[in-house]
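Here the structure is laid out as C-alpha cells; the discussion comes afterwards.
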Amino acid sequence: MSTVVLLALTGLGLGALYFLVASGLSLIFGLMDVLNFAHGALLSIGAYGTWWAASGHLPAAGSGGFGFVLAVAFGTATGALAAVLLELALIRPLYARPREQVLATVGVGLAVPALLSAIWGADARPFPGPRALSGTFGLLGAQIPVNRLVLTGAAVVVLAALKLFLGGTRHGLVVRAGVEDRAMVTALGIDVRRAFTLVFAIGGAAAALAGALGGLYFGSVDPGQGTSLLIFAFVVVVMGGMGSITGAALASVAVGLVQQFANYYTTAGLGDLAVVVLLAALLLARPRGLTGRLA
Amino acid sequence: MNGSETPLLTVRELRVVIGGRHILHGVDLDVAAAGVTALLGRNGAGKTTTVRGILGLVPRTGSVLLDGEQTIRLATHTLVRRGIGYAPEDRGVFAGLTVAENLRLAERRGAGEPAYGLVHELFPELRQRARQPAGTLSGGQQQMVAIGRTLLNGNRLIIADEPTKGLAPKVVTEVAQVLERAAQAVPVLLVEQNLAMVRRLAEHCVVLADGRTSYRGPAAQLLADADAMRRLLGVGRHGAAPAGAVRTEEGGV
Ligand SMILES: Nc1ncnc2c1ncn2[C@@H]1O[C@H](COP(=O)(O)OP(=O)(O)OP(=O)(O)O)[C@@H](O)[C@H]1O
Ligand SMILES: [Mg+2]
C-alpha cells in the first residue's frame, strides 16, 4: 500500500512537470501551428535562472523562505523573457517558412544546453532549495517527499490560472478563437500576432517554472534536463489534443502515473516504453486526442 | 456604375496567385457608396478569392482603394479596423466559443459602442442562445452570428459571401430582410448565387468569369437581358441550369 501511495504521488509530481511544459507547447501549437522544439531550452533557462538566483547571485534571493520564492520568480521571468525574444527574433520572421521555423527551434533547443554546459559545466549541479521542501511527510504508511506536493499544487494553480485566462479575458478569447481559425480572427480586426507573443510568454513562464520546480524534484540541475522532459511533454500534447489545456492536464497525469508504476513493477526503463504504447493505443482509439479541442 | 457618385471601394487589376496557380487575372470592381453591389459568377469564377484578396487574406497585387486610400499593402486586421464587416462563405463562426463570445470577439475598440440593441432586435434568437456554443447552432443561426458580427461595429462597408447558401427558405427571407435594412445605412458587397436575392437587393452588379471581370453595370439591366444572363452566368439554357450555373429564382426571398 505504502509503495502504491508513494508511486502515485511521485507520478503526480512528474505529471505536474509534464503539464507545465506541455500546456505551453500545446497552446503554441494549437494557435500558431509551431512545434516548439526550443521549449525544453526554456525549461533549462528557468532551472538555471532559479539555481543562479538561489545560489546567492541575486540580491535578496536565496535558498530559503521568501528568498527562494524570489529565486523561482526570477527563473520564471527569465524563461518568459527568453520565450518572448525567441518568438520575436526567430519565429515571427520565419512565419511564412514553417520548415525553417522548426529548424530554428531545434537549433535553439540544441544551442541553449550547449551554452549552459559551456558556462556552468556539463555535470549536474546540486539545487539549493528550502529545507522545508526537501523533507518528507507520512501518508498511509508511506514517506512522501514534500516537493511532490509542491509540484502538484503548482500545476493545479497554473491549470486554474490558464482556464481563467482563456475563459474570462479578452486575450484568452482571442487565443481560443485563434486556435480554431487564425485567419478569421484577423478578419475581425484583431492583430493575432500579439496573441502569439503572449502565448509564448505564458508557455515560456510555465516551462521555466517547471525548470525551477524540477530542480527540487531531481535535487539538481543539468543542461540536458529540458530536452529529456520535452519528449514526454510532446507525448502529452499529442495525447491531450493540440491546443487543449484540459486534455494536457489529463494526459500529464496519465503519463506520469503509467511511467512510475511501469518503471517500478517491471524493469526500469520499461515505463518510458509503456508511455509510448499508451500513446499509440490512445491515438488508435481517439485520433484527435483526449478532448480534440480547446477546453 | 450610377454616374457621378464616387465608389466607396475601387478595385483595379486585382491578381491572386496561390501555390503557383493564377486564380485572379485582374479583377476590376467598384462598390457603390450606397446600397448593395452584387458580385456574381459561376462556381469557381473567383468571387470568394476576390473578396479574400480585397481583405488581404490571400497574397494579392493590384490596387484596392477604400474611400480613395490605397489599402493593398495593409495587413488584414489593419484594413478591417478601418471599418469593414466580413461574413465569409464558410461563416467563420468559432464553434467552441459561445454565441456571446463570438459577438464579443468581434467588438472593435474605437468603433463606438457595440450595437447589441440592433443585433438582438434583428436576430432575437442570438440573445436567447447567448450561452450556447456556436458549434451546436443550425446553419441559419450560425449565419445570424456571422451577419450579427458585421453589424456590431459602425462599419463603412459590409462584405457578405453567399450568406444564403444552404439555408432554409424561411431563413433566406430573414437574411434578405436584414441585409436590406443594413444596406440602408452601410454599403454592402454581396456575393450571391440566388438571383432572387440579387433582384430584390442589388442596385449594381459585377460578374466574374475565370478570374476576370466580365460585366459591370446596373443589376436591373443585367437581370432583364436574357441573352447576357445566359452568356455570363449560364442561366436559362435548356430550361434547367447546367452544372456550375447560377441558381435561378428559388430560395423563397
Ligand atoms: N487556396 C486555394 N488554393 C488553390 N486553389 C484555390 C484556392 N482557393 C480557390 N482556389 C481555386 O480558385 C478558383 C476560384 O475559387 P473561388 O472560391 O474564388 O470561386 P467562387 O467564385 O467563390 O466559387 P463558388 O461559387 O463555388 O463559391 C477555383 O477554381 C478554386 O478551386
Ligand atoms: Mg465562393
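The values are calculated or read from the model by the stated rules, or taken from the named source; none is laboratory data. This is a predicted model, so every value here is computed, not measured. For neighbour counting, all protein chains shown are included, and Cβ atoms are generated from backbone atoms with ideal geometry for every residue, glycine included. Keep in mind that these areas ignore ligands, DNA and RNA; they rest on the heavy atoms of the full protein, side chains included. Shrake-Rupley method; radii C 1.70, N 1.55, O 1.52, S 1.80 Å.
Would you mind working out the magnitude of the charge dipole of region A:138-197 relative to its Cα centre, with +1 at each Lys and Arg C-beta and -1 at each Asp and Glu C-beta, to the nearest 20 Debye?
80
Share of carbon and sulfur in the accessible area of the protein assembly as shown stands at 61%, probe radius 1.4 Å.
In region A:138-179, burial by the other protein chains removes 20 Å² or more of 1.4 Å probe accessible surface, compared with the chain on its own, from A:ARG170, A:LEU173, A:ARG176, A:ALA177. Mean per-residue shielding of peptide B:74-81 is 5, counting Cβ atoms of other chains within 10 Å of each Cβ.
Only Cα pairs under 8 Å and 6+ residues apart enter the sum, and on that basis the relative contact order of region A:138-295 stands at 19 percent.
Taking a ≥ b ≥ c as the square roots of the eigenvalues of the alpha-carbon gyration tensor, region B:1-53 is classed prolate because a/c is 1.5 or more and a/b outweighs b/c.
Restricting the calculation to Cα atoms, every distinct pair contributes to the Kirkwood radius of the protein assembly as shown, found to be 26.1 Å. Under 5 Å between amide hydrogens, built in the peptide plane, is the criterion, and for B:TYR86 it picks out B:ILE159 among residues at least 5 positions away or on other chains.
Modelled label positions at A:VAL156 and A:LEU133, each set 7 Å beyond Cα in the direction of Cβ, lie 1.7 nm from each other.
Scalar couplings 3J(HN,Hα) for region B:105-110, obtained by applying the Karplus form with A = 6.51, B = -1.76, C = 1.60 to θ = phi - 60°, are 4, 7, 4, 10, 5, x Hz; x denotes Gly and Pro.
Annotation: amide H of A:LEU139 within the under-5 Å range of A:ILE144, sequence separation 5 or more or interchain, hydrogens built in the peptide plane. Scalar couplings 3J(HN,Hα) for region A:159-169, obtained by applying the Karplus form with A = 6.51, B = -1.76, C = 1.60 to θ = phi - 60°, are 4, 5, 5, 5, 5, 4, 4, 5, x, x, 10 Hz; x denotes Gly and Pro. If you take the charge dipole of the protein assembly as shown about its Cα centre, with +1 on Lys and Arg Cβ and -1 on Asp and Glu Cβ, which of A:THR227, A:TRP120, A:VAL238 is farthest toward its positive end? Value computed over the given set: A:VAL238.
Farthest toward the positive end of the dipole of chain A, out of A:HIS39, A:ALA249, A:THR105, is the Cα of A:ALA249, where the dipole comes from beta carbon charges about the Cα centre. Could you tell me which of rounded, prolate or oblate describes region A:1-92, using a ≥ b ≥ c as the square roots of the eigenvalues of the alpha-carbon gyration tensor, with rounded for a/c under 1.5 and, failing that, prolate when a/b is larger than b/c and oblate otherwise? Because a/c hits 1.5 or more and a/b fails to exceed b/c, region A:1-92 counts as oblate. Once A binds B, the 1.4 Å probe can no longer reach about 1700 Å² of accessible area, counting both sides. Using a simple spin-label model with pseudo-atoms 7 Å out from Cα toward Cβ, A:ARG92 and B:ARG131 lie 3.9 nm apart. Per residue, chain A exposes 41 Å² of accessible surface when a 1.4 Å probe is rolled over the protein heavy atoms with every protein chain present. Under 15 Å from a label point set 7 Å out along the Cα-to-Cβ vector of A:VAL106, the amide N atoms of region A:6-37 belong to A:35-37. For chain B, the Cα-based Rg and Dmax, in that order, read 17.6, 53 Å.
With a cut-off of 17 Å on the backbone N, the residues of region B:40-70 near the modelled label site 7 Å out from B:ARG21 along Cα-Cβ are B:42-53, B:58-60. Here's the picture: charge each Lys and Arg Cβ at +1 and each Asp and Glu Cβ at -1 in chain B, and of B:THR213, B:GLN142, B:LEU233 the one pushed furthest to the positive end of that dipole is B:GLN142. A drop of at least 10 square angstrom in accessible area, chain alone versus all protein chains together, probe 1.4 Å. Which residues of region A:182-230 meet that? Buried on complex formation: A:ALA183, A:MET184, A:THR186, A:ALA187, A:LEU188, A:GLY189, A:ILE190, A:ASP191, A:ARG193. The charge dipole of chain A, taken about its Cα centre with unit charges on the Cβ of Lys, Arg, Asp and Glu (plus for the first two, minus for the last two), comes to roughly 460 debye. Our coupling estimate for region B:185-190, obtained by passing each phi through the Karplus curve with A = 6.51, B = -1.76, C = 1.60 and θ = phi - 60°, is 9, 10, x, 10, 9, 10 Hz, Gly and Pro reported as x.
Charges were assigned to the Cβ only: +1 to each Lys and Arg, -1 to each Asp and Glu. The resulting dipole of chain B about its Cα centre is roughly 560 debye. Take each residue of peptide B:86-94, count the partner chain Cβ atoms within 10 Å of its Cβ, and average: the result is 4.
Quick check for you: which residues of region B:69-98 have the amide N under 12 Å from the point 7 Å beyond the Cα of B:THR6 toward its beta carbon? Zone members listed by number: B:69-70. For chain B, what is the accessible area per residue in Å² when the probe is 1.4 Å? Counting only protein heavy atoms, the per-residue value for chain B is 42 Å². Once backbone amide H atoms are built at 1.01 Å from N, B:VAL27 has B:GLU13, B:LEU14, B:ARG15 as its partners under 5 Å, excluding neighbours fewer than 5 places away on the same chain. Let me know the shape class of chain A, please: from the alpha-carbon gyration tensor, a ≥ b ≥ c as square roots of the eigenvalues, rounded when a/c is under 1.5, otherwise prolate if a/b is greater than b/c, or oblate. Oblate shape, in that a/c is at least 1.5 and b/c is the bigger or equal ratio.
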